[in-house]
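Novice: Provided herewith is a single structure, encoded as structure tokens, for subsequent inquiry.
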Amino acid sequence: MEKIIRSVLAAALIIALTGLPAFISGCSGDTHKTYIPSSKIEGSSLYVRKVENIPDDFILGMDASCVPALEESGVKYYSFSGEEQDVYRTLAESGVNFIRVRVWNNPYDGNGNGYGGGNCDIDNAVEIGRRATSYGMKLLVDFHYSDFWADPGKQFAPKAWKGMEIEEKTQSLYDYTKECLEKLKDAGVDVGMVQIGNETNGTFCGEKIWFNMQYLFSAGSKAVREIFPDAKVALHFANPEKVTNYQEYAKKLAYYNVDYDVFASSYYPYWHGTLDNLSQILSEIAETYGKQVMVMETSYAFTAEDTDFFGNTISDGGNVAKPYPYTVNGQANSVRDVIDTIVNRTKNGIGVVYWEGTWITVGTESWEKNSELWEKYGSGWASSYASEYDPNDAGKYYGGCAVDNQAFFDAQGRPLESLRVFNLVKYGNETELLADALEDVTLTVDLNGSIQLPESVNAIMTDSSKQQVPVKWDITDQDIEAMKSGGVAKYTVKGEAGGMPAVCYISMIEFNFLKNSGFEDGDDNSWTVREIGSANELFVEKKGTDSLTGDWHYHYWSAAQNSVEFYLEQTLDDLAAGKYKFSISIMGGDSGTYEVYAYAQVNGESAGRADMQITSYGNWDTGTVKDISVSEGDVITVGIFVKCSGAGNGAWGKIDDAMLNSQTD
Ligand code: CA
């Protein structure tokens with residue numbers, strides 16, 4: 001306690017003397033550590049299951065790169081007790097011990113207009129570093145080596161380095177890194193880790209081959225070793241779900257003998273596979289190459305709502321994995337489970353960093369006013385000025401914040417209870433279990449199928465467990481009839497269960513009832529051939545150039561003008577009652593006299609046929625049999641009949657893309 005009082009007094013004194021806020025002052029000494037709690041924060045309602053065995057020096061990081069731009073835009077942040085407070089202090093007081101900041105070489109146009117995304121140049125990093133250091137946290141410097149966002153989709157070299165040969169670019173990267181790190185050192189910033197490149201998935205700083213990339217990685221690493229010999233050097237990749245890519249990256253780095261300490265990965269639960277997969281691939285790399293590993297970026301939504309009139313990357317109904325509800329406790333559970341995975345299930349796991357947990361709305365009442373601030377202060381993801389550098393993405397879609405629903409602060413800058421997770425994981429905080437949200441229901445229904453909404457839904461509890469609760473859907477019989485006759489469409493049905501809003505997403509689709517309908521599964525016995533005339537070749541073939549779609553099709557050929565005659569068909573006995581249509585396509589040649597048709601049978605009786613033409617290579621003809629009426633329990637056979645007398649070098653043909661769909665017209 002005495003230490004806290006001392007540091008507060010020191011800060012007050014500095015303000016009095018200089019008029020500058022405390023964070024500019026460069027405090028030093030062990031007083032800093034008092035901001036990061038060394039015991040459990042009591043009284044939180046947040047449910048947190050303890051993570052056992054967390055080492056004292058485990059990195060619990062927060063990327064908070066946009067804060068200065070947001071503050072210039074008028075954003076204020078508050079403490080848990082409701083007073084305006086430096087957000088970096090609030091982070092430290094919540095258990096965060098590392099602040100990560102991205103650095104772009106020159107995120108400005110020729111007139112000094114910022115590209116946005118926080119206009120994160122080295123001066124921004126110095127300011128953030130000073131503040132982080134003053135609250136006892138270390139800085140993690142994330143060099144993109146670009147003038148704007150670098151990620152798996154883009155790794156543009158800085159404007160000033162464009163067109164450089166690799167030797168010159170390597171020297172420039174080394175000089176730039178050294179110069180930036182010296183600025184941080186001169187400012188008294190406690191740099192704990194430096195990453196050379198951001199999500200460098202096989203491309204880096206405009207280079208696309210590892211032979212060149214290795215020089216850049218090594219040059220950056222060398223500069224770090226010289227200026228901050230105690231800091232760790234990290235390399236950072238994305239998409240751990242692509243396991244072989246990660247194996248390849250680690251192998252290349254070893255082959256080229258790149259000097260680094262930490263193999264770091266992004267892990268966004270929506271897109272990046274399971275935690276089991278993450279721990280396996282990182283453990284494998286840690287063991288094989290003797291490296292430390294960590295999660296360099298993760299995040300999770302606490303709400304599906306947007307607050308700044310600029311759409312978010314994650315919202316309701318998206319086609320992404322949703323392992324936790326979009327709630328405050330869901331967000332905390334996601335972070336807790338990533339930490340647990342890296343601490344207890346991953347070899348040499350040293351940390352987890354949350355991405356941009358402080359990026360919130362600039363807070364005006366309209367898109368127009370927000371946009372003015374984004375443009376002026378760079379507080380949105382990109383300003384219009386970025387279009388000169390990134391015309392295809394920023395140039396088209398520039399605007400505000402796409403992750404305000406994944407921050408740890410609400411739209412007014414007040415911390416969410418989930419921010420406590422960085423402290424509470426060490427101790428556990430198993431509060432009374434409450435229903436936190438309802439699990440979304442997703443139904444995919446064929447046009448002829450019946451729409452049956454479930455009578456109960458899962459409530460997701462604050463510990464991620466599930467309990468069934470009865471649900472009442474807000475839907476009438478007329479609504480269901482309208483969906484059934486509405487063709488292919490998507491619907492959202494709302495309801496209520498246990499006092500919470502329930503959602504059911506219904507997709508009415510034209511389901512293809514045939515198995516291996518385009519032969520892409522190879523010869524799997526889904527199709528039956530009844531051969532009448534001899535053919536020299538009659539089989540499922542893999543040859544993309546001869547297929548209507550995909551790589552596979554059904555092939556026939558008969559040498560020396562021998563005749564070909566066969567049926568290729570599938571039989572089904574489990575179709576729902578209704579009207580169906582069948583279609584199949586063919587191309588071929590040298591047929592001589594021929595008869596080819598698509599057909600359908602119901603209980604052995606013909607239910608229609610469609611004659612088809614064989615003309616020449618590449619000219620596909622599709623035969624469609626419509627109005628196939630099916631009653632419950634009927635046996636349906638659909639297929640194609642081919643009979644050719646043969647000509648030239650013998651009749652040949654290719655059959656592909658069979659479809660049996662419900663018919664609603
Ligand atoms: Ca937004």
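Computed from the coordinates by the stated procedures, all read-outs in this text should not be read as laboratory data. This one's a predicted model, so the numbers in the text were calculated from it and none came from an experiment. So basically every Cβ, Gly included, is an ideal-geometry build from the backbone, and we count neighbours across all protein chains shown.
Novice: As a test of the definition: which semi-axes, in Å, follow for segment 363-406 when you take the square root of five times each eigenvalue of its alpha carbon gyration tensor? Largest first, please.
Specialist: On the way: eigenvalues 68, 29, 12 Å².
Each semi-axis is √(5λ); the values are 18, 12, 8 Å.
Novice: What distance in nm lies between label points placed 7 Å from Cα along the C-beta direction at E241 and E531?
Specialist: About 4.3 nm separates the two model spin labels.
Novice: For segment 405-498, max minus min Cα coordinate along each principal axis, in Å, sorted largest first?
Specialist: Cα spread of segment 405-498 along its principal axes, largest to smallest: 54, 29, 19 Å.
Novice: Moving on. Please compute the Cα-Cα pair-distance distribution of segment 457-531 with 10 Å bins starting at 0, giving whole percents from short to long.
Specialist: 15, 27, 21, 21, 14, 3, 0
Novice: Turning to a different aspect of this structure: Bin width 5 Å, alpha-carbon pairs only: give the P(r) of segment 244-367 as whole percents, running from 0 to the bin holding the largest distance.
Specialist: 2, 10, 19, 19, 16, 12, 9, 7, 4, 2, 0
Novice: Give me the distance in nm between label points sitting 7 Å out from Cα along the Cα-to-Cβ direction at D523 and Y255, one decimal.
Specialist: Simple spin-label model gives 3.8 nm for this pair.
Novice: Moving on to the next point. Once you charge only the Cβ atoms, +1 for Lys and Arg and -1 for Asp and Glu, what is the size of the charge dipole of segment 399-497 about its Cα centre, to the nearest 20 debye? Mind showing how you got there, number by number?
Specialist: On the way: 8 positive and 16 negative charges, 60 e Å.
The dipole of segment 399-497 has a size of about 280 debye.
Novice: How high is the FRET efficiency from K185 to A482, r the C-beta distance, R0 51 Å, rounded to 0.05?
Specialist: Working: r = 68 Å, r/R0 = 1.33.
With a Förster radius of 51 Å, E is 0.15.
Novice: Quick one: grab the alpha carbon gyration tensor of segment 201-269, order the square roots of its eigenvalues as a ≥ b ≥ c, and give me rounded if a/c is under 1.5, else prolate or oblate depending on whether a/b is larger than b/c.
Specialist: Working: a/c = 1.97, a/b = 1.36, b/c = 1.45.
In terms of gyration-tensor shape, oblate.
Novice: Further question: Over segment 359-457, what lengths in whole Å, largest first, do the semi-axes of the equivalent ellipsoid take, defined as the square roots of 5 times the eigenvalues of the alpha-carbon gyration tensor? Spell out each step's value before the answer.
Specialist: Working: eigenvalues 260, 152, 33 Å².
Gyration-tensor ellipsoid for segment 359-457: 36, 28, 13 Å.
Novice: For the chain, what is the relative contact order in percent, using Cα pairs closer than 8 Å and at least 6 residues apart in sequence? Walk me through the numbers on the way to the answer.
Specialist: Working: 1596 pairs, mean separation 79.6, N = 665.
Result for the chain is 12 percent.
Novice: Give me a comma-separated list of calculated 3J(HN,Hα) values for segment 194-209, in order, Karplus coefficients 6.51, -1.76, 1.60 applied at θ = phi - 60°, integers in Hz, x for any Gly or Pro.
Specialist: With the stated coefficients, segment 194-209 comes to 10, 9, 9, x, 10, 6, 7, 6, x, 9, 7, 6, x, 8, 10, 10 Hz.
Novice: Can you give me the P(r) profile for segment 477-570? Cα pairs, bins 5 angstrom wide beginning at 0, each as a whole percent.
Specialist: 2, 11, 14, 13, 12, 9, 7, 8, 8, 7, 5, 3, 2, 1, 0, 0
Novice: How high is the FRET efficiency between E168 and E226 when r is their beta carbon distance and R₀ equals 22 Å, given to the nearest 0.05? Present the calculation step by step, with values, prior to reporting the outcome.
Specialist: Details: r = 20 Å, r/R0 = 0.91.
Computed FRET efficiency for E168 and E226 comes out at 0.65.
Novice: Taking every DSSP beta bridge that has both residues in the chain, what percent is antiparallel when rounded to the nearest 5? Display every interim value, and only then the final one.
Specialist: Details: 81 of 121 bridges.
Antiparallel: roughly 65 percent of the beta bridges in the chain.
Novice: Per the Kirkwood formula on distinct C-alpha pairs, the Rh of segment 527-626 is how many angstrom? Please report the intermediate quantities before stating the final value.
Specialist: Numbers: mean 1/r = 0.0666 Å⁻¹.
Taking every pair of different Cα atoms in segment 527-626, averaging 1/r and inverting gives 15.0 Å.
Novice: So which GluC sites (Glu not before Pro) in segment 81-142 end up in coil per DSSP with only 10 or fewer other C-beta atoms within 10 Å? Show your work: numbers first, answer last.
Specialist: Values: sites: E83, E84, E93, E127; in loops: E83.
Within segment 81-142, the qualifying GluC sites (Glu not before Pro) (loop, at most 10 other Cβ atoms within 10 Å) are E83.
Novice: Applying 1/(1 + (r/R0)^6) with R0 = 30 Å to the Cβ-Cβ distance of D57 and T313, what FRET efficiency is obtained, to the nearest 0.05? Don't skip to the answer; put the middle values down first.
Specialist: On the way: r = 32 Å, r/R0 = 1.07.
Plugging the Cβ-Cβ distance into 1/(1 + (r/R0)^6) gives 0.40.
Novice: Considering Cα pairs under 8 angstrom that are at least six residues apart, work out the relative contact order of segment 446-580 and quote it in whole percent.
Specialist: Details: 203 pairs, mean separation 25.6, N = 135.
Over segment 446-580, the number comes to 19 percent.
Novice: Here's something else I'd like to know. Write down the Kirkwood hydrodynamic radius of segment 290-345, to one decimal in angstroms, obtained as one divided by the mean of 1/r over all alpha carbon pairs. Show your work: numbers first, answer last.
Specialist: Details: mean 1/r = 0.0773 Å⁻¹.
Kirkwood radius, segment 290-345: 12.9 Å.
Novice: Additional query: Taking each pair of different alpha-carbon atoms in the chain once, compute 1/r for the pair, average those values, and report the inverse of that mean as the Kirkwood hydrodynamic radius in Å to one decimal. Provide the component values of the computation, followed by the final result.
Specialist: Numbers: mean 1/r = 0.0347 Å⁻¹.
When all Cα pairs of the chain are included, the Kirkwood radius is 28.9 Å.
Novice: In segment 304-395, what GluC sites (Glu not before Pro) fall in a loop by DSSP, with at most 13 other Cβ atoms inside 10 Å? List each step's numbers first, then the result.
Specialist: Values: sites: E305, E356, E365, E368, E372, E375, E388; in loops: E305, E356, E365.
Passing both the DSSP loop test and the Cβ count: E305, E365.
Novice: Also, I was wondering about something else. If a/c stays under 1.5 just call it rounded; otherwise compare a/b with b/c (prolate if a/b is bigger, oblate if not). Do that for segment 215-254, with a ≥ b ≥ c from the square roots of the Cα gyration tensor eigenvalues. Walk me through the numbers before you get to the answer.
Specialist: Details: a/c = 3.45, a/b = 2.28, b/c = 1.51.
Note, shape of segment 215-254 comes out prolate.
Novice: What value, in deg cm²/dmol to 500, does the helix sum -39500 (n - 2.57) over DSSP H runs of n ≥ 4 give at 222 nm once divided by the residues of the chain? If you can, show how the numbers build up before the last one.
Specialist: Working: 13 runs with 154 residues, N = 665.
Dividing the helical sum by the residues of the chain leaves -7000 deg cm²/dmol.
Novice: Could I ask something else about it? Which whole-number percent gives the relative contact order of segment 218-304, counting Cα pairs below 8 Å spaced six or more residues apart? Show your work: numbers first, answer last.
Specialist: Details: 108 pairs, mean separation 28.0, N = 87.
After rounding, I find 32 percent.
Novice: Sticking with this structure for a sec: Determine the shape class of segment 160-240: with a ≥ b ≥ c the square roots of the Cα gyration tensor eigenvalues, call it rounded for a/c under 1.5, and otherwise prolate if a/b is greater than b/c, oblate otherwise.
Specialist: oblate
Novice: Along the Cα→Cβ direction, 7 angstrom out, place labels at D574 and Y397. What is the inter-label distance in nm?
Specialist: 4.0 nm
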